[in-house]
Every structure is written in structure tokens, then in C-alpha cells.
Amino acid sequence: MIVILVGPPGAGKGTQCKKLVEQFDMKHLSSGDIFRSEIAGKTDLGQKAKQHIDKGELVPDELVIDMMISAVKNADYNCILDGFPRTLPQAEQLDKALEKENTKIDAVIELAVNDETVVQRISKRRVCPDCGAVYHLETMPPMQDGICDKCGSKIIQRDDDKREVVLERLETYHKMTEPIISHYKDASAAYIEIDGSQRPEAITNDIAQRLKEA
Ligand code: AP5
């Protein structure tokens, strides 16, 4: 099964994917996590991606498309995609690659959240640089202040979570990523809109229910 989770920055895509892979036997593929790991490893790709990520811009398509299509292939076409595709060319190239393999996207889930909620969520997000766990200082705080529940590392704020970068990321989302929603509404995959303003558990239940029906 191939599922795409789309939504603005801070909509809760990563949070939901981590819960969904516990229920469905799928691999979680996050383009943002891949770039963050490349940046941490100081690779060439990481250095190139960082220049764009730090400004709230998208990483150029040519650095994203092959990387993510290979990841989908390595997952045996059984994955939930978080953060990819994010532009029309990325969506079209993914469609083509899947067509060649006689496979297709099963469902596209839009997590609908307004800009105000996004800014509120991201401003209080903290992440673990070592294991990738995600927290929110109010709604999902760690048990011990500033320390990751899962691995005990010190949690931090992402560099691209500064307010001015978040506003830029939101603008980029509306301009570059929203058009892929109409692309998928016109395609044969099931398009599912979920109210992303609910509590995380309610969102997971809604998505799981709709995926079982898809
Ligand atoms: P990426 O890491 O994909 O960032 P994003 O899409 O902006 O999404 P986020 O990770 O910020 O948020 P999320 O939706 O996962 O929310 P989360 O679950 O953490 O990409 C980073 C950058 O990489 C991009 O800006 C771009 O430059 C580049 N990039 C990546 N993919 C690319 C591509 N395909 N093409 C080009 N460039 C690409 O939740 C947010 C917060 O809210 C957390 O604190 C969480 O605890 C809390 N929260 C979650 N759900 C709820 C809820 N229901 N109620 C209350 N709080 C909640």
C-alpha cells in the first residue's frame, strides 16, 4: 500500500505517521527526516539541502525526486510518504515511476490545519536530535523537562522552526504544495480530508478508519 500524507508545516504529519506505522504494516518515509539526517552527517546532499531548508524554501526537485523514488522502491512500494511529493513535478515523476512498476498510490490524506494553528504548534515544538522523537511543550511535553523520554538526550528546537522561517515555509506550502491536492483529487487514488485541528488520537482514529475503507 502507498499512502501520501500532505499538509502544511506543523500539521502533525510526522506525529501521525509514527502512530500509523504501529497499526499498519508500512514504512514511514519522511523527506524532511532524510534531509535532517544528511545534514547531521555533513554530506554533500545535506549541505546543499540546508541552504534551502534554513530559508524556508523547498529543496530543488532534482535533489529530491530520485532520492525519494529510490526510497519508495526500497520500501517495496509499501510506505506512508510524509513531505513528498511537495511540488507538481515531484507528483508527476512519482506517478510515472509507479506506473512503470504497475503500481499506484492507494490514498492521499490531507491533514487540514489553519495557519494560526501551524504557527502555534511549531513555536512550541521540540525534537530529539538523536532519535527523532517530537514533542510539544504544551500538548505533548516530555516527562522530564528538556529530556527525550525515549533516549534521554537533550531536546532542541529545529533551526527552521524560527518564526520568520515558519512564515516563509507556510507561504511556500500555499504556493508550491497546495496545487498537488487538485492533482490528486483528479486522479484515481482515494482522496481523504481529515480535520487536523483535533487531538492527535482522534486524528489517528479518523485516518485509520478511512484507510480501512479505502
Ligand atoms: P519537513 O520536515 O517535511 O517539514 P514540514 O512539512 O514543514 O513538516 P514539519 O516536520 O514541520 O511538521 P509535521 O507536519 O510533521 O508536524 P509534527 O508532527 O512535527 O521538511 C523540512 C524542510 O525540508 C522543508 O521546509 C523543505 O525545505 C525540505 N523538504 C522536505 N521535503 C521536501 C520535498 N519533497 N521537496 C522539497 N523540499 C523538501 O507536529 C508539529 C508540532 O505540533 C509538534 O510539536 C507536535 O507535537 C504538535 N502536534 C502534532 N499534532 C498535534 C495535534 N493534533 N494537536 C496538538 N499538537 C499537535
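Data overview
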quantity: Residue check for Glu57: at pLDDT 95 or above, farther than 30 Å from Ala202 by Cβ and touching a Lys or Arg at 6+ places or on another chain (Cβ under 9 Å); calculated: yes
quantity: So Thr177, is it in contact with a Gly (Cβ under 8 Å, 6 or more places away or on another chain), buried (at least 17 other Cβ atoms within 10 Å of the Cβ) and β-branched (Val, Ile, Thr); calculated: no
quantity: Test: residue in the stretch 12-23 that is in a strand (DSSP E or B), of a type outside the set (A, V, I, L, M) and at pLDDT 95 or above; calculated: no
quantity: Inter-residue pairs, beta-carbon under 7 Å, first over 16 Å from Leu20 (Cβ atoms) and assigned to a helix (DSSP H, G or I) and in the stretch 183-203, second within 15 Å of the ligand (Cβ to nearest atom) and small (Gly, Ala, Ser), 6+ apart; calculated: His183/Ala91
quantity: Single condition Ile105 does not satisfy, out of (1) of a type in the set (A, V, I, L, M); (2) within 13 Å of the ligand (Cβ to nearest atom); (3) not in a strand (DSSP E or B); calculated: (2)
quantity: Qualifying residue in the stretch 159-173 (condition: part of a loop (DSSP other than H, G, I, E, B) and touching a residue at least 40 places away in the same chain (Cβ under 8 Å)); calculated: no
quantity: All positions within the stretch 92-116 that are β-branched (Val, Ile, Thr) and closer than 16 Å to Val6 by Cβ; calculated: Ile105, Val108, Ile109, Val113
quantity: Cross-chain or 6+ apart pairs with Cβ under 7 Å, the stretch 133-147 first and in contact (Cβ under 8 Å) with a residue 60 or more places away in the chain, then near the ligand (Cβ under 9 Å from one of its atoms) and not in a loop (DSSP other than H, G, I, E, B); calculated: Val134/Gly14; Val134/Thr15; Val134/Arg125; Val134/Val127
quantity: Selected residue (only one of Leu137, Leu170 is within 13 Å of the ligand (Cβ to nearest atom), out of contact with any Ser or Thr (no Cβ under 8 Å at 6 or more places or on another chain) and under 30 Å from Asp95 (Cα atoms)); calculated: Leu170
quantity: Subset of the stretch 146-158 [in a loop (DSSP other than H, G, I, E, B) and either polar (S, T, N, Q) or more than 20 Å from the chain's Cα centre (by Cα) (or both)]; calculated: Gly146, Cys148, Asp149, Lys150, Cys151, Gly152, Ser153, Gln157
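The values are calculated or read from the model by the stated rules, or taken from the named source; none is laboratory data. None of these values were measured; they are calculated from a predicted model. Note that we place each Cβ from the backbone using ideal geometry, even for glycine, and neighbour counts take in every protein chain shown.
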